[in-house]
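Asks: I have a structure I would like to understand better, so I am pasting it below and will then ask my questions one at a time.
The values are calculated or read from the model by the stated rules, or taken from the named source; none is laboratory data. Given the structure is predicted, the values throughout are model-derived calculations rather than measurements. Neighbour counts run over all protein chains shown; Cβ positions are idealised from the backbone, glycine included. Side chains included, ligands, DNA and RNA excluded: accessible areas come from the protein's heavy atoms. Shrake-Rupley method; radii C 1.70, N 1.55, O 1.52, S 1.80 Å.
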Amino acid sequence: MAKSKLIKANEKIAEKVTGAFGKVQDSVVGGYGKIEDKFVDQYLTKDGESIADAKARLKQEQADRKAKQDLHKEY
């Protein structure tokens, strides 16, 4: 059974919309990443520490705080 013209048109529209959404999403996420890196570099890095090292350190500190908080909740 052949697809109707309406179904084909809807599929083309859907492809364009999802493609446009993907481009917008990539732009927004990329822009956020740049802002995040700039903030970490300016305010959260210690002497001689790279941005990646600072992010890893912050993530570890957060995990340690959460583990300590969870430990206190048990008692």
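Asks: If the only charges are +1 at each Lys and Arg Cβ and -1 at each Asp and Glu Cβ, what is the size of the charge dipole of the chain around the Cα centre, to the nearest 20 debye? Could the numbers behind the result be given before it?
Replies: Values: 16 positive and 13 negative charges, 133 e Å.
It comes to approximately 640 debye.
Asks: Let me ask something else about it. What is the helix-to-structure angle for 51-74, meaning the angle in degrees between its Cα long axis and the longest Cα principal axis of the chain, kept from 0 to 90 and rounded to the nearest 10?
Replies: Roughly 80 degrees, rounded to the nearest 10.
Asks: Over the stretch 34-75, what percent of the accessible surface lies on carbon and sulfur atoms, probe 1.4 Å?
Replies: Ligands and nucleic acids excluded, carbon and sulfur give 53 percent.
Asks: Given a Förster distance of 22 angstrom, what is the FRET efficiency for ALA56 paired with VAL29, based on the Cβ-Cβ distance and rounded to 0.05?
Replies: Numbers: r = 20 Å, r/R0 = 0.91.
Efficiency, rounded to the nearest 0.05: 0.65.
Asks: Using only Cα atoms, what is the ratio of the radius of gyration of the chain to 2.2 N^0.38 Å? Working shown, then result.
Replies: Values: Rg = 23.0 Å, N = 75, 2.2 N^0.38 = 11.3 Å.
The value comes to 2.02.
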